[in-house]
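Presented below is the structure to which this report refers.
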Amino acid sequence: MNGPNDKWDLDTSPLTEEDRAKILARIHSALYWLGRFIPEEEILEGKKLPLRDIIFKFVSKEQPSEEEVEVALSLADSMKRKAIELEDSLKSEEHLTKGQAHMLLDEICGLMRGVDEVRTSKGADAQLKAQALMTKVKDEKRWQEFLKSVSFMSNIEH
């Protein structure tokens, strides 16, 4: 596990395209972020947040309120957006060192770990499942309305 003072972070050699490809592949490998630390603090949407503490308090709650779940899911969305922004930086920055790239990798993986912790916690998981179910129900109703309108239109033509 890479920490903020490991050998990679001190590597000032230029990042090659091959190194960049390997690092980007790690981000998308299955569960690469497991074992990574959620950042202690993170700036999300212009606010410096004690991210690790916030997530720990949320996932430790036995029965979070609906409002707490919504706030936590919003935080997870912000973390996901930040991870995507950092990944875009990793893809496009021309003058990164290997150390800087590995620090970005650590931050991205830590954020993704935080997203997973929030989304798989008791309250959030139940709410996400309920939202998915409601989306399916709405889709089914729209589909039924569409079929009715098509059936109605074909009856008019005959």
Task: Charge context of ALA30, other residues only, Cβ under 15 angstrom, K/R +1, D/E -1 - done: +2
Task: Cβ-based net charge around PRO50, under 13 Å, with every Lys or Arg adding one and every Asp or Glu removing one - done: 0
TODO: Arrange the following residues from fewest to most other Cβ atoms within 10 Å of their Cβ: SER149, SER121.
DONE: SER149, SER121
Task: Sequence of MET112, MET103 once ranked by neighbouring C-beta atoms within 10 Å, starting from the fewest - done: MET103, MET112
Open item on the list: Among the listed pairs LYS22/LYS122; LYS61/LYS91; LYS80/LYS148; LYS82/LYS122, which have their C-alpha atoms separated by more than 31 angstrom in this model?
Closed with: LYS22/LYS122; LYS61/LYS91; LYS80/LYS148
TODO: Within 10 Å of each residue's Cβ, count the other Cβ atoms and sort ARG52, ARG113 from fewest upward.
DONE: ARG52, ARG113
Task: Proximal charge balance of ALA83 [Cβ under 14 Å; K/R count +1, D/E count -1] - done: -2
Task: Residue-span extension gain [ASP88 to GLU62] - 0.36 nm each, minus C-alpha spacing - done: 5.7 nm
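Quick note: the coordinates plus some simple rules give every number you see, no bench work behind them. From a predicted model like this one, the values you see are computed outputs, not experimental measurements. Note: ideal-geometry Cβ built from the backbone for every residue, glycine included; neighbour counts use all protein chains shown.
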